[in-house]
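Here is the structure we will look at, set down as structure tokens.
Please treat every number below as a calculation from the coordinates, not as lab data. Note that this is a predicted model, so its numbers are computed, not measured.
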Amino acid sequence: MYRIKHDAARPSHLERLLASMPPDVADSFTEEQLDSINRSLTSAHWQQCSHSLDLRFTFRLWRYRYYLVLLGGRNRRALSRLQYRLGRLWLALAVMVFMMLCMLLGLTGLYVVKSALGVDLFSAFSLGLW
């Protein structure tokens, strides 16, 4: 276990990394190499990503502290073939529903205008909208 080069000022994540290595390997790093490793660990890609929704909470429950992280944002990963097809299907379905609602609203508007003008296409028949 790594103990020879223990430095109180060294970050704990670097200490854990060195402790997980064989002692001869951990002792072979120079201070410059350790600083470079520390910079690489602290500037990880996941820390630099910006999320639209980034909520982080810590709370204490009895003797322990817990954390809760809620992240959300646009998916920038490449989609699988199934995800791509399902996305296209969902888009087509949403467009169809939108078009049907627009047509229904348009026809209802035309019917109300027709009724307001007093045009009677069928005698003794009304939808009751006007």
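Here the Karplus relation 6.51 cos²θ - 1.76 cosθ + 1.60, evaluated at θ = phi - 60°, turns the backbone of the stretch 92-103 into coupling constants of 4, 5, 5, 5, 5, 5, 4, 5, 5, 5, 5, 5 Hz, with x for every Gly and Pro. Among the listed options (1) 37, 23, 9; (2) 50, 11, 11; (3) 69, 19, 12, the one matching semi-axes √(5λ) of the Cα gyration tensor in Å as calculated from these coordinates is (3). The distance separating the Cα centre of the stretch 107-123 from that of the stretch 75-99 comes to 39 Å.
Is it possible to state the helix-based mean residue ellipticity at 222 nm for the chain, with each DSSP H run of 4+ residues giving -39500 (n - 2.57), the sum divided by total residues, to the nearest 500 deg cm²/dmol? What is it?
Values: 5 runs with 65 residues, N = 130.
So the calculated ellipticity at 222 nm is -16000 deg cm²/dmol.
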